Amino acid sequence: MIVQDRKELEVKCSPVSVKEGEEIGVRLLHELRESENGIGLAANQIGINKRVCVINVKEPLVLINPKIVEKSKEKFVFPEGCLSFPDSKVKTIRHESIVVEADNHKGRLSFSANSKDINDAFECVCVQHEIDHLDGITMFEREFKAEPLVRGKNAPVKIGRNEKVTITKGTESKVLKYKKAQPMLEDGWTLSI
Ligand SMILES: [Zn+2]
């Protein structure tokens, strides 16, 4: 059963031992496989308030007590969904690249949307989405608001020429720099914001 209560999902998760984390990871991957189109799941989404999440975009990845230790200044807009809110889609703003440490991984793990492979963007966003869950943050809090496009001192976010955006045309989607996306917008592509 996936937790759908927003209040319940706003509780911060507690650290866990690697052994317990691995057991939770197995359960999470199982739940994820049972889900329709799920690419990531956090323990609190199945009612366990412990810092474990799984991501399955390119290959299954379990993160125990994960921490984002580096994040790029560059951000990009991406359409997101969540297994806890199956009827919602949110255009979020996320870091273009991050470095993560987790207790069950010796080295640092790097994720970057700066790639030709759209799966890299999915994975990079998914890791940020799942680690947010562990901190009691849902995708709604990362929503990219259209207003910030209006330039002004109160605009918290502007799309810079070198910022990554997601554009779509039919079933195709691409992540690329805004300056490269601009001419394509006149060619039937639409900006996902
Ligand atoms: Zn989610």
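The values are calculated or read from the model by the stated rules, or taken from the named source; none is laboratory data. It should be emphasised that the depicted structure is a prediction, and the values quoted were computed from it without experimental measurement. We place every Cβ from the backbone using ideal geometry, glycine too, and count neighbours over all the protein chains shown. Heavy atoms of the whole protein, side chains included, go into the accessibility calculation; ligands, DNA and RNA do not. Shrake-Rupley method; radii C 1.70, N 1.55, O 1.52, S 1.80 Å.
Data overview
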{"quantity": "Where labels lie 7 Å past Cα in the beta-carbon direction, separation of GLU22 and GLU10 in nm", "calculated": "3.7 nm"}
{"quantity": "Under 17 Å from the Cα of LYS179 - aspartates and glutamates, other chains or at least 8 residues apart", "calculated": "GLU74, GLU96, GLU163, ASP187"}
{"quantity": "Solvent exposure of the chain as accessible area per residue, Å², 1.4 Å probe", "calculated": "55 Å²"}
{"quantity": "For ASN104, distant residues with modelled amide H under 5 Å away", "calculated": "ILE64"}
{"quantity": "Simple spin-label estimate for ARG33 and VAL3 in nanometres, 7 Å along Cα-Cβ", "calculated": "2.4 nm"}
{"quantity": "Counting DSSP beta bridges with both ends in the chain, the antiparallel % (nearest 5)", "calculated": "95 percent"}
{"quantity": "Rg/Rh (Cα only; Kirkwood hydrodynamic radius) as it applies to the chain", "calculated": "0.98"}
{"quantity": "The chain - percent of accessible surface contributed by carbon and sulfur, probe 1.4 Å", "calculated": "47 percent"}
{"quantity": "Hits among lysines - C-alpha to C-alpha of LYS106 under 18 Å, sequence gap 8 or more where chains match", "calculated": "LYS19, LYS67"}
{"quantity": "Electrostatic dipole magnitude of the chain [Cβ: Lys, Arg +1; Asp, Glu -1; Cα centre; debye, to 20]", "calculated": "940 debye"}
{"quantity": "Pair GLU74, ASP187: separation of 7 Å Cα→Cβ label points (nm)", "calculated": "2.0 nm"}
{"quantity": "Estimated FRET transfer efficiency (ASN104, ASN162; beta-carbon r; R0 25 Å; 0.05)", "calculated": "0.10"}
{"quantity": "Principal-axis tilt of helix 18-34 within the chain, Cα atoms, nearest 10 degrees", "calculated": "60 degrees"}
{"quantity": "About the Cα centre, charge dipole magnitude for the stretch 1-58 (Lys/Arg +1, Asp/Glu -1 at Cβ), debye", "calculated": "200 debye"}
